[in-house]
Structures are given as structure tokens and as C-alpha cells.
1. At residue 31 and residue 19, where each label point lies 7 Å from the Cα along Cα→Cβ, what is the point-to-point distance in nanometres?
2. First check a/c for the stretch 1-113, with a ≥ b ≥ c the square roots of the eigenvalues of its C-alpha gyration tensor; if it is under 1.5, answer rounded, and if not, answer prolate when a/b is larger than b/c or oblate otherwise.
3. Would you mind working out the accessible area per residue for the stretch 122-233, using a 1.4 Å probe, and quoting it in Å²?
4. Order the following by accessible area, largest value first: 341, 169, 77. Probe radius 1.4 Å; ligands, DNA and RNA are ignored.
5. Can you work out the Karplus-derived ³J(HN,Hα) for every residue in the stretch 197-205? Use 6.51 cos²θ - 1.76 cosθ + 1.60 with θ = phi - 60°, whole Hz, and x for glycine or proline.
6. Rounded to the nearest 10 Å², what accessible area does residue 251 show when all protein chains are kept and the probe is 1.4 Å?
7. Could you estimate the translational diffusion coefficient of the stretch 323-414 from the Stokes-Einstein equation, with Rh from the Kirkwood formula over C-alpha pairs, at 37 °C and 0.692 mPa s, in whole µm²/s?
8. Compute the distance from the alpha-carbon center of the stretch 343-392 to that of the stretch 406-430, in whole Å.
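The values are calculated or read from the model by the stated rules, or taken from the named source; none is laboratory data. Keep in mind the model is a prediction, meaning the values are calculated, not measured. All Cβ positions, even for glycine, are placed from backbone atoms using ideal geometry, and neighbour counts span all protein chains on display. Just so you know, the surface numbers come from the protein's heavy atoms only, side chains and all, with ligands and any DNA or RNA stripped out. Shrake-Rupley method; radii C 1.70, N 1.55, O 1.52, S 1.80 Å.
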Amino acid sequence: MSLIENLRALVGEGGVLDAAETAQRSAGVWRPDNLKAAALVRPRSTEEVSAVLRYCHANCLKVVTQGGLTGLVHGSDAAPDEVIVSLELMRTIELIDPLQRVAQVQAGVTLQALQEAADTHDLAFPLDLGARGTATIGGNAATNAGGNRVIRYGMTRDMVLGIEAVLADGTVISSLNQLIKNNAGYDLKHLFIGSEGTLGVITRLVLRLREKPTTTNMAFAAFESFARVPAFLKHMDRALGGTLSAFEVMWQPTYRLFTGGHVGGKQPVAGDYPMYALVESQGADRAMDTERFNKAMESAFEAGLLADAAIAQSDADCHEFWSIRDNVEAVMTRGLPIIFDVSLPIAKMEDYTARLGPALTEAIGTHELFIFGHLGDGNLHLIVPAPPAQYMAWRPKIEAVVYGGLEAFRGSVSAEHGIGLEKKPWLHISRTPEEIALMRTLKQALDPKGMLNAGKVV
Ligand code: ZN
């Protein structure tokens, strides 16, 4: 029997696309090309994933697991001789328990579907990012996704209580723990969270849910200098008594770009300050929360931290502020974006970002640089739009400047997007040789044939 016939015997007729059918599909949300693989398998259950992996293991076939294909680092690229396992038919929300405040889902459930399901129980799954409608919970866990509310709720890792995963040889590790506190031995779920599909295929997850905040207060603030921004962050976090839920910054060129390309180009505050921040507080008491937020903003003014600020007066204003922050696609009007997600200590940010411009000018000449991101988490996004003809030539030169500047203090080459293929050559900047050796030991132990997402990460 052929490969396709064998796989169909495991997951049914409709569960397998052959190479030609696979090639009809896009390689990803951010990609112009189509998928190339020997087959694309769509199992419906953990048992079917296990059967497919057992078959591939016995026949030495390499396997790439795919979720919503919203990644940015070529972490789910497949080669023409590889088998893609797509979790797209595993979209069942199996349980929401409002008392235990957990959800149990299959890995192909989209982030937005889980958010909406939690919402119907007056609960929240607080992970949030722009690709929520397409990105899957399995993919979020496999890449340890971050997003806009990390400052309050942490990364995906902090929201996962239990995981079921299938190892390269088909062994099912069912660790669907619902307990917040469980120190009974090694916490095996962390082997799979953030491993980008290299150690196992995540099939089901238990997620921690939170009580849903019912009020939102927001402001857009402008600053005379970078130094005021972290001081303002500390001030607000202290004054808001635990309700700070987002703190996003933009350097002036980014603020101008994100507001200028916006409907009507309306700016909440004037566009001639060097730094901007969006601050959000979520709580449960409209009057008290608003009073506390406004007081915190007032005292920030009195302390001389702010040059100017616009305070949202309605939910529509809040929506408007977020739509400015989310207007990242505006960079597409400036060229082909080369995107970075670095992490570094807040104390190093001013110096690091000030050196980038001149270093890039030396490396590639005239360019644009857009800096923004989750300052409270130490995570900055940098985007350099390249003229299409220069993209391939620019990319390695820009990488050398951006990553080279992190080396002195072991900043991270990936705060939240992962390593994939794209950053593998730069992993050594963020990890010691001993750390990378231990990663390889784990890979060897769990996947000795090197079948799973071959060539990625380490
Ligand atoms: Zn981000």
C-alpha cells in the first residue's frame, strides 16, 4: 500500500490530503507560498495522532505538527518528504468548570473560541494576541505565546495546568492535571510548552481560567524622555493596586505610523514627543476603578512623569486606543517587514535602542526603524521595512546588528515568537553551551530518531 493509503487506513478517507492536495494550501498567514509535503494528516482524536506517529516512527518518516500557521519564525515549515499532522479537526472544547475555573480542550481549538466559551461562564482565558481568531491553543502552548496581558497573567506557560502529548513513537503521555498546586515529581507539561513541536505533539490541554474583569480604564500617554516611561510604569503599577493589565510602548516613528495610517489619522495625543505608552487597568467596580485610575494619572502628572495624556472616556475610546496598538500591518505600506521580538532588561533599553539606528545606518544605509512593544515585560518589537529587492541582502545584516547588541547582557533573541528555523543560528546569544547541550539531551531522549519538527530550534 502507498503512504496515502496507509495513512487513510489510520484516520479515514477524509483525514488525509496527498501531496497535490496539500500544495493547494497556503503555507501560513504571513506567507506568499504554498505548503509542500508528502501528505497532510488530519486526525480527530489523540488515539489517531498516536496511530499516525507510530506508523511514521516505524517507517522513519519525519513529522511536522501544524496549528493555525500564524507563526513568524518558520517553526512549522515542512519539507516535501515530510508528513504534516494538522490539528485542525481537533476543535472540541471538552469541559469548562466554573468552580474549579478550568477548561479542557483539544489542541486545535482557536484562542478566540476558548475566550468566547469562557466568557459565557463570566470567566476569562486571559491570553490575548492579534491572531486570536486563527491561532490554536495547541500552537500557543507549543510556542509559549505571550501577547498583550503578560504583565498581569504571564505567558501561556502560566495558564496551562495540564497537557496530553504524543511522543515520537506514538506513546501517549496524558498529564491532564487540573490542580494549581501539584508538586508530585517533575512537571512534565513544561517539556512540551515552548518546545515548538520538537519533543511531542500536544493533543489536549487543561487551561486555567480567571474571573472576568468587567471594567476597563485606559490612557494614551506621551513622554519627554525614555527615562520617564519605566518610572510611569512603576508609578501606575503601585497606584493601581494590582489591576494594571497592559502597558504598551511606542517610539515616536511607530506612534506616527500606527496613528497616521489609521482611519482619519486621529492621534489621541500630539505626535511630536519621543515616547508614548498605552496603559490599561481592568477591574470589577466601575466607579471605584475609574476614580483610582484617574487619581493615578493625576499624581503621575503632578510628579512630572507625563508630558501629555488622553484618558479614554468610553469603551469606544478604549477600542480606538487598542486599534492603534494593533495597527502593526501599517508597516506593510513601508516595505517588506523584517520583524524582531527581543527581550532585555528595562535598564538597558535606552542605550540598546539608541545604538540601533546608527548601527543600522552603517550596515544598510538609509532605513526606517519602528520600535514598540510590551515594555513592562522587557519585550520590544523592532521592525525594519526593506525594499523588496533588498530584503535578502538586508536581512542578515540587520540580524547581526539587532542580535549582536543583545550579546553583552544575554538578552533574548526571542521574547515570544520562538526560535523555529529563523533564529536557530542566534540561539547561542541567549543560551549557554551547557543549556543548548541539555536541550539536545532532552531531544535525543524523547525523539531519538529526530522525527519531530526536524532541524528546528536545536
Ligand atoms: Zn508581541
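1. Each label point lies 7 Å from its Cα, and together they span 1.7 nm.
2. It comes out oblate by the Cα gyration axes.
3. Details: 3990 Å² over 112 residues.
Here the residues of the stretch 122-233 average 36 Å² of exposed surface.
4. Values: 341 0, 169 70, 77 35 Å².
From most accessible down to least: 169, 77, 341.
5. Those phi angles translate into x, 8, 10, x, 9, 6, 10, 9, 9 Hz.
6. Approximately 40 Å² for this residue.
7. Numbers: Rh = 13.5 Å.
Using the Kirkwood radius from Cα pairs, D works out to 242 µm²/s.
8. 15 Å
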